[in-house]
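Quick notes on the structure that follows.
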Amino acid sequence: MPITLAELDRGQRAHIVELRLHGLERRRLMDLGFTPGTEVEVAMKAASGDPIAFVVRNTQIALRKQQAENIIVEPIS
Amino acid sequence: MAGCQCAQATTCSSHGNLIRLGVNIRDFDYLIALAGNPNTGKTTLFNALSGLRQHTGNWPGKTVVRSEGAFRHNGYKYKVVDLPGTYSLLSTSEDEEIARDFILFGNPDCVVVVVDATALERNLNLVLQVLEITDRVVVALNLMDEAERKGMFVDARKLAKELGVPVVPMVAREGKGTDHLLQTVQDLVTGNLRTQPRRIELDPHIEEAVQQLLPHLKNLYPNLSNHRWLAMRLLEGDPSIRRAILTDSLAQTESPLAPQKEEDMSELEAALEV
Ligand SMILES: Nc1nc2c(ncn2[C@@H]2O[C@H](COP(=O)(O)OP(=O)(O)O)[C@@H](O)[C@H]2O)c(=O)[nH]1
Ligand SMILES: [Mg+2]
């Protein structure tokens with residue numbers, strides 16, 4: 001069942017399904033490697049859940065919770 | 001080889017014909033820009049080329065450090081500029097704007113894109129974006145030792161064929177590949193080597209819009225090297241490109257464009273209304 005990237009726990013992996021963002025913000029996340037089909041893993045999560053660091057395409061990238069909430073993923077069980 | 005003392009020597013085992021010229025960067029023959037994602041070894045390569053004496057300051061009007069150096073190789077004098085590390089040239093950040101403006105308006109004779117051989121999937125995004133802007137590109141396929149350590153085999157020749165530009169395997173930290181890189185850069189800047197950069201084919205209706213914009217842009221900015229790229233960004237609604245055109249941030253680069261006028265911009269905007 002698809003959920004958002006912000007809902008994943010530390011160490012959990014998922015495939016990106018969709019970016020519910022537009023314009024420059026969408027472009028920016030895609031340039032950082034968050035494109036549909038790509039595998040991501042949660043590397044670190046602040047206690048408050050914001051920010052969250054992900055490993056995507058071999059590099060650690062931190063996102064704001066608000067950004068992660070707009071990325072739909074399919075968890076890899 | 002780190003700490004090599006060959007600054008004034010004519011040859012040394014790891015640097016071949018490289019002579020570092022430090023801050024003596026007047027009257028160079030060719031200008032080289034180093035681009036790449038963060039942590040790919042740009043500064044390592046920059047230091048290997050220009051030696052310890054470099055000119056550092058800030059990019060005009062920015063808080064980002066700008067490093068310049070110079071070296072001589074096979075009798076040609078080069079000025080080299082270390083661009084900020086970026087994942088993209090399209091989005092909004094000071095670093096990306098600096099890198100993009102320099103590649104687009106700084107008239108470098110060659111852009112060396114330093115890539116991490118262990119993370120090509122990520123790194124090639126920037127390579128393709130640079131190839132959209134200029135065909136004078138050499139890819140420095142760095143961190144080959146790391147790739148080997150991880151059991152990865154990267155086929156540099158196949159990559160070069162697919163990208164349409166030369167790809168030089170390197171271990172910048174050990175000075176490996178430096179001479180091959182410089183020979184390739186020389187072949188490119190002197191016209192001995194032609195590239196055929198891989199570019200994305202646009203949808204017919206977008207291509208049509210680009211074609212409508214081109215004559216206007218060529219008219220307004222005759223000195224610009226890539227009107228097509230500019231047209232695509234304007235169609236995309238990129239606010240930083242519009243800003244770069246309107247403000248004098250372009251005049252701060254090596255080769256300023258003709259003075260900009262507001263009427264020119266309105267004419268362009270009228271064309272964009274289509
Ligand atoms: N193993 C290995 N490490 C390298 C190589 N080139 C650079 N490095 C290291 O990678 C790190 C980042 O290099 P740097 O030049 O600062 O990258 P920049 O962010 O692109 O300027 C440094 O620790 C370098 O010593 C290389 O070819 N192999
Ligand atoms: Mg650096």
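In the full protein assembly as shown, how much of residue B:176 is accessible to a 1.4 Å probe, in Å² to the nearest 10?
For residue B:176, solvent-accessible area is about 120 Å².
Check each of the GluC sites (Glu not before Pro) in region B:156-243 and keep only those in coil by DSSP with at most 16 other C-beta atoms within 10 angstrom; list them in order.
B:201
Order B:152, B:232 by their accessible area, 1.4 angstrom probe, all chains in place, largest first.
On the way: B:152 80, B:232 25 Å².
Solvent-accessible surface, decreasing: B:152, B:232.
For residue A:15, tell me the accessible area in Å² from a 1.4 Å probe, rounded to the nearest 10.
Counting only protein heavy atoms, residue A:15 exposes about 80 Å² to solvent.
For region A:3-75, go through all pairs of different Cα atoms, get the mean of 1/r, take its inverse, and jot down that Kirkwood value in Å.
Numbers: mean 1/r = 0.0855 Å⁻¹.
Mean inverse Cα-Cα distance, inverted, gives 11.7 Å.
Working out 0.36 nm times the residue gap between residue B:205 and residue B:218, then minus their Cα-Cα distance, what length gain in nm do you get to one decimal? Before the final figure, lay out the partial values.
Numbers: separation 13, 0.36 × 13 = 4.68 nm, distance 2.05 nm.
The span from residue B:205 to residue B:218 would gain 2.6 nm if fully extended.
Count, for each residue of B:116-125, the Cβ atoms from other chains sitting within 10 Å of its Cβ, then give me the mean as a whole number.
Per residue, the number of nearby Cβ atoms from other chains is 3 on average.
List the accessible area buried at the contact between B and A, summed over both sides and calculated with a 1.4 Å probe, in Å² to the nearest 100. Could you put the intermediate results ahead of the total?
Numbers: alone 13340 and 4640 Å², together 16840 Å².
Approximately 1100 Å² gets buried when B meets A.
With each label point set 7 Å from Cα along the Cα-Cβ vector, what nm distance links residue B:64 and residue A:65?
In this crude spin-label approximation the distance works out to 3.1 nm.
The values are calculated or read from the model by the stated rules, or taken from the named source; none is laboratory data. Fair warning: this is a prediction, and the values are worked out from it, not measured in the lab. We place every Cβ from the backbone using ideal geometry, glycine too, and count neighbours over all the protein chains shown. Side chains are part of the model used for accessible areas, which takes the heavy atoms of the whole protein and leaves out ligands, DNA and RNA. Shrake-Rupley method; radii C 1.70, N 1.55, O 1.52, S 1.80 Å.
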